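Every number here is computed from the coordinates shown, using simple stated rules; none is lab data. This structure is a prediction, so every number in the text was calculated from the model and none was measured. Backbone-built Cβ (ideal geometry, glycine too); neighbour counts: all protein chains shown.
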């Protein structure tokens, strides 16, 4: 089960978990119940990109949607993902090969967004056909 991301007014699957980088000794991960055997982390996050910045817009858990203002100590929503640096993989087109292992399935193409402290610094489009 994948997080979702809105990019240029379209919703896509997100083949990574940027919220995992937020949980640490200062921001301990809540004890989420697994949503499904395909989602042991216990939540699905929703994201958007606005003005080359990554924002968290929601967290869905087994019982409810979390109140982001409470989780993020009063920050205004959407939450700017300044804790995240890394690569976002956004598969596009039809799935061409299913692989039952994490985010390994293949698609017609992939968009990679490279993020530093929540800001998109580069992107790469890969045609997999």
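Below, the figures for the structure above:
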{"item": "For the chain, calculated [θ]222 nm from helices alone, where every DSSP H run of n ≥ 4 adds -39500 (n - 2.57)", "result": "-500 deg cm²/dmol"}
{"item": "Estimated FRET transfer efficiency when R0 is 22 angstrom, pair residue 1-residue 126 (beta carbons, to 0.05)", "result": "0.40"}
{"item": "GNM top mover of 87, 97, 50 - the chain, alpha-carbon springs below 10 Å", "result": "97"}
{"item": "For 110, 24, 9, order by how many other beta-carbon atoms lie within 10 Å, fewest first", "result": "9, 24, 110"}
{"item": "Separation between Cα centres of the stretch 91-115 and the stretch 2-17, rounded to whole Å", "result": "12"}
{"item": "Relative contact order, percent, the stretch 3-127 [alpha-carbon distance under 8 Å, six or more residues apart]", "result": "21"}
{"item": "Residue with peak Gaussian network fluctuation, the chain [Cα springs, cutoff 10 Å], from 78, 18, 28", "result": "28"}
{"item": "Sequence of 116, 60, 33 once ranked by neighbouring C-beta atoms within 10 Å, starting from the fewest", "result": "33, 116, 60"}
{"item": "Relative exposure of 83, 40, 47, 23, judged by other C-beta atoms within 10 Å (fewest first)", "result": "40, 23, 83, 47"}
{"item": "Max mean-square fluctuation residue, GNM over the chain, Cα-Cα springs under 10 Å, options 66, 88, 14", "result": "66"}
{"item": "Label assignment, Rg and Dmax of the Cα atoms in Å derived from the structure, set (i) 14.8, 45; (ii) 16.8, 53; (iii) 16.0, 52", "result": "(i)"}
